[in-house]
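Worksheet: one structure, shown below.
The values are calculated or read from the model by the stated rules, or taken from the named source; none is laboratory data. Please read these numbers as outputs of a predicted model, since none were measured by experiment. Every residue, glycine among them, receives a Cβ derived from its backbone with ideal geometry; neighbour counts consider all protein chains shown.
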Amino acid sequence: MFENHTIDIGVLEQRAYNLRWATVPAGVIPLTAADPDFPCAPEITEAITRYVQDRYLCYGPPEGLPIFKETVATFFQDKRQVKAHPAYTFPVDSAAFGIYTICKAFLQPGDEAIIFDPVDFLFRYAIETVGAVAVPFAIPAGSGFVDFEALSVLITPKTKLICLCNPLNPTGKVFTKEELQQLGAIACRYNLTIMSDEIWSDIVFSPHVYTSIASLDEAIRERTIIVTGYSKSYGLAGLRIGAIVAPNEAMYARVFQASLHQSTIHGANVLGQVAASTALQSCDYWLHAFVAHLQQMRDLCVSSLNATKGIECIAPQGCYVAFANITQTGKTSTEIHELLLNKAKVAIVPGLKQWFGEGAEGHIRLCFATSEQILTQALVQTKNVLNS
Ligand SMILES: Cc1ncc(COP(=O)(O)O)c(C=O)c1O
């Protein structure tokens, strides 16, 4: 399923945007946006095809198709030990929109929200878009136990939200139960809402295990609103489908109102909901094989980068990205990006504030959700340029 011959570069060059095949110069291998090069599981396309063949593409319910709500809630109950209720679960047209909607629901202009640093740009972007202030809490790549008590000093009367990204894109950290307990205790002590972005929670490499903060205890669950999506685990980014799981009626009402779904100004399209429901119901085998392949690609990527002059890379515990330290090259991440693009014909994401926050400088991020052949070619070209 994850061999080189399953990848159709011709199709990707037509369809894979967001810094990927369709946007890079010919001959360049994009290890950029975290989006797999592999086609999705066949069950997903079969389910979409069956739905479309009836030729009825009517409005769905604003709060989501019952099958989607039930499947997502069951997933959280069975696979994440979270007391999720279908009535408080709804689809959103991407995890990105889910993050924004939660910020809109729980932040007023001038409020403060804690984000990790580095972390995906979406958190800062969403917080600032609703007029609030993002306050970074440093968790450098390779951090061992994170002492969340240190986060208390960042909390002011204006702090309303803590944004948890677990596993953490771009460093690949998977938070332990003990760390999450500390984070949850702080949220309870200061009466803060937790936004738990769990989009990467399937992509965890053994021996690390994923814990949802909402599974820890009732007091923490009651203040945690989960956002997730199906781009990463199942390669459905173009369908723009994600989900929000609220803990109770009051928080559900607040975030559902902020989504504007009731007005039909926004809403998750039915095909995305059919695809995600099918993925959760029928594609466990595909996901397990994908994660096994990714674990091999992670090891390949990390060992090759560590054998490249000036580069140090810790093995990510989760996510399919490697976050490599490039400070020993004596170059900035932008200079490395340009050098690799022009000379190695490999596109990576530079560790700029605009992508991951201030704590990302001195790093580059490479996505390894591709075939062994493509990844090896990109890493050899990278090594040849940087070693010379
Ligand atoms: C942590 C995190 N949250 C959300 C997203 C966005 O996902 P979606 O494609 O569902 O908008 C990403 C994508 O990279 C991500 O890394």
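With in contact with a Pro (Cβ under 6 Å, 6 or more places away or on another chain) and not hydroxyl-bearing (Ser, Thr, Tyr) as the only criterion, which of Ala275, Ala347 stands out? Only one candidate passes the filter, namely Ala347. Residues in the stretch 154-169 that are hydroxyl-bearing (Ser, Thr, Tyr) and part of a strand (DSSP E or B): 1 in all. Leu57 is checked against (1) more than 16 Å from the ligand (Cβ to nearest atom); (2) more than 30 Å from Thr382 (Cβ to Cβ); (3) in a helix (DSSP H, G or I) and fails just one. What number does that condition carry? Here Leu57 meets the rest and fails (3).
Of all residues in the stretch 222-254, which are assigned to a loop (DSSP other than H, G, I, E, B) and either more than 14 Å from the ligand (Cβ to nearest atom) or farther than 27 Å from Phe38 by Cβ (or both)?
Within the stretch 222-254, the first condition is being assigned to a loop (DSSP other than H, G, I, E, B), and the residues that meet it are 222-223, 230, 235-236, 240-241, 246-248.
Hits for the stretch 222-254 are Glu222, Arg223, Ala246, Pro247, Asn248.
Annotation note: of Ala113, Ala95, Ala84, the sole residue that is crowded, with 22+ Cβ neighbours inside 10 Å and either more than 28 Å from Asn18 (Cα to Cα) or away from the ligand (no atom under 16 Å from the Cβ) (or both) is Ala84.
Across the stretch 108-132, the number of residues qualifying as part of a loop (DSSP other than H, G, I, E, B) and in contact with a Ser or Thr (Cβ under 9 Å, 6 or more places away or on another chain) comes to 3.
Residues checked against (1) surrounded by 12 or more Cβ atoms within 10 Å (Cβ to Cβ); (2) touching a residue at least 60 places away in the same chain (Cβ under 8 Å); (3) not assigned by TED's automatic domain parsing to the domain that holds Lys345:
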site: Asp8; (1), (2), (3): yes, no, no
site: Gln14; (1), (2), (3): no, no, no
site: Asn18; (1), (2), (3): yes, yes, no
site: Ala22; (1), (2), (3): yes, no, no
site: Pro30; (1), (2), (3): yes, yes, no
site: Ala33; (1), (2), (3): yes, yes, no
site: Pro36; (1), (2), (3): yes, yes, no
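Please find, among Gln373, Gln381, Gln377, Gln354, the residue that is assigned to a helix (DSSP H, G or I) and under 17 Å from the mean Cα position of the chain (by Cα). Talk me through it step by step, then tell me what you get.
Working: Gln373 fails: under 17 Å from the mean Cα position of the chain (by Cα); Gln381 fails: under 17 Å from the mean Cα position of the chain (by Cα); Gln377 fails: under 17 Å from the mean Cα position of the chain (by Cα).
Answer to the check: Gln354.
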